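Peer 1: Take a look at this one; I'll ask things after.
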Amino acid sequence: MRTVIGDLVSSIRPVGRRQRRREQRTIPGNGPNVSGNGFSAPTSDYPDAEGNVLILRGSLTPKARHEYAAVLAGGLEREDAWQRAIELLFERLTVSWTIAGLQLSAQRELIGRYRMASGEERRFVRDVLREHVREHFPELQAP
């Protein structure tokens, strides 16, 4: 009787959302990601002359594309729209930014650092975003 119960208990699989997630993570290539759908966007590295590196993702959701187009076409002054469009792309596309050996990857840190950036750093980010948008999103107007 004990062996029957022991066999029964050992054959029962734990159920629930957490257990399914644990099992998915044990499959090679199925590490945790932000979207939770098992896919991760490709990234591109853009180094500058000083050794700083901006890493951008190669995908942009349809909603973010629509929001970007709306900002560019919106009722804001031209300069304001242009600045907001660049900031929006920076928010959506930046994976990490390494500056002077310090890697920033948290969204709040990234946008805060961008807002404090020098004119030269902003120009670097703007040029990289233009290049990246032309290469990966040809249907979008480059900032």
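Peer 1: Inside segment 127-143, can you point out the residues that are surrounded by fewer than 19 Cβ atoms within 10 Å (Cβ to Cβ) and assigned to a loop (DSSP other than H, G, I, E, B)?
Peer 2: Of everything in segment 127-143, those that are surrounded by fewer than 19 Cβ atoms within 10 Å (Cβ to Cβ) and assigned to a loop (DSSP other than H, G, I, E, B) turn out to be F137, P138, E139, L140, Q141, A142.
Peer 1: Can you tell me which residue in segment 82-114 is surrounded by the most Cβ atoms within 10 Å (Cβ to Cβ), limited to those that are closer than 20 Å to A64 by Cα and basic (K, R)?
Peer 2: R92
Peer 1: How many residues does segment 68-110 contain that are part of a strand (DSSP E or B), of a type in the set (A, V, I, L, M) and touching a residue at least 24 places away in the same chain (Cβ under 8 Å)?
Peer 2: 2
Here, each number is a calculation from the coordinates, and none is a lab measurement. Quick caveat, the model's predicted, so the values are computed rather than measured. Here Cβ is always computed from backbone atoms with ideal geometry, including for glycine, and neighbour counts include all displayed protein chains.
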